[in-house]
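Participant: Let me begin by handing over the structure; questions about it come next.
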Amino acid sequence: MDFENMNIWCWLLPALIGVISGVLGYLIGKSGSTPDHSADLKLLQDKNAKLQADLDACNGKLATQEEAIPKAVNISFDANAARSAMGKTIKENDLKVVEGIGPKIEGMFQTAGIGTWKALSETAVAKCQEILDGGGERYKVHDPSSWPMQAKMCYEGKWAELARWQDEHDYGKL
């Protein structure tokens, strides 16, 4: 291609058309009216107010239900009942009574702030698994899915039920 014989209009004309098209496109886009979102905003504000009223009503119901629920009563530990049902001497809040928990796992739970049957019974299985995972690979074989339930039986003094459950299940697995 010989650039010396090329007319300047071959370059200038496409560039000029591009600039004019760009300016026209900008002006057409700019001249369009901005949409009015006030109706949508009002609708969302009304919906938010309704949801806030529902939340306040639920919080009010919860407050009245909490007043109606009797306060938790501490259940006393009966060592004789535990010994007769389990066939061995049981110490209060000994987490090793829960099938699947040994001395090292008990130590891990106590380090995590879970040192009583009541605390373990109120702990989510996911939190139990998180504590086990913190101990490393050697604790991956343990299944904590039944530990809160077993701890609740211990805390409530349901020793016969716990002994029967442990006899029916292998190594505390559900």
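Participant: Which helices (runs of 4 or more DSSP H) does segment 55-149 wholly contain that include 2 or more residues that are open to solvent by less than 90 Å² (accessible area, probe 1.4 Å) and in contact (Cβ under 8 Å) with a residue 40 or more places away in the chain?
Facilitator: Working: elements: 79-86, 103-111, 117-121, 125-133.
Per the criteria, 79-86.
Participant: Within segment 87-118, which residues are basic (Lys, Arg) and over 18 Å from Gly157 (Cβ atoms)?
Facilitator: Residues of segment 87-118 that are basic (Lys, Arg), as a first pass: 88, 91, 96, 104, 118.
Lys104, the sole residue that qualifies.
Participant: State whether the residues of segment 33-46 include one that is outside any helix (DSSP H, G or I), exposed (fewer than 10 other Cβ atoms within 10 Å of the Cβ) and small (Gly, Ala, Ser).
Facilitator: yes
Participant: Regarding segment 118-126, can at least one residue be identified that is at pLDDT 90 or above and among the acidic types (Asp, Glu)?
Facilitator: Narrowing segment 118-126 to residues at pLDDT 90 or above: 118-126.
From what is left, the residues that are among the acidic types (Asp, Glu) are 122.
Scanning segment 118-126, I find at least one residue that is at pLDDT 90 or above and among the acidic types (Asp, Glu), so the answer is yes.
Participant: Any residue in segment 155-166 that is under 17 Å from Ala119 (Cα atoms) sitting within a Cβ distance under 8 Å of a residue that is of a type in the set (Phe, Trp, Tyr)? List the pairs, counting only those 6 or more apart or interchain.
Facilitator: Cβ pairs passing all conditions: Tyr155/Trp117; Gly157/Phe77.
The values are calculated or read from the model by the stated rules, or taken from the named source; none is laboratory data. The shown structure was predicted, so the numbers you read here are calculated from the model rather than taken from an experiment. With ideal geometry, Cβ positions are generated from the backbone for all residues, glycine too; neighbour counts draw on all protein chains shown. To get the accessible areas, we keep the full protein, side chains included, count just its heavy atoms, and leave off ligands, DNA and RNA. Shrake-Rupley method; radii C 1.70, N 1.55, O 1.52, S 1.80 Å.
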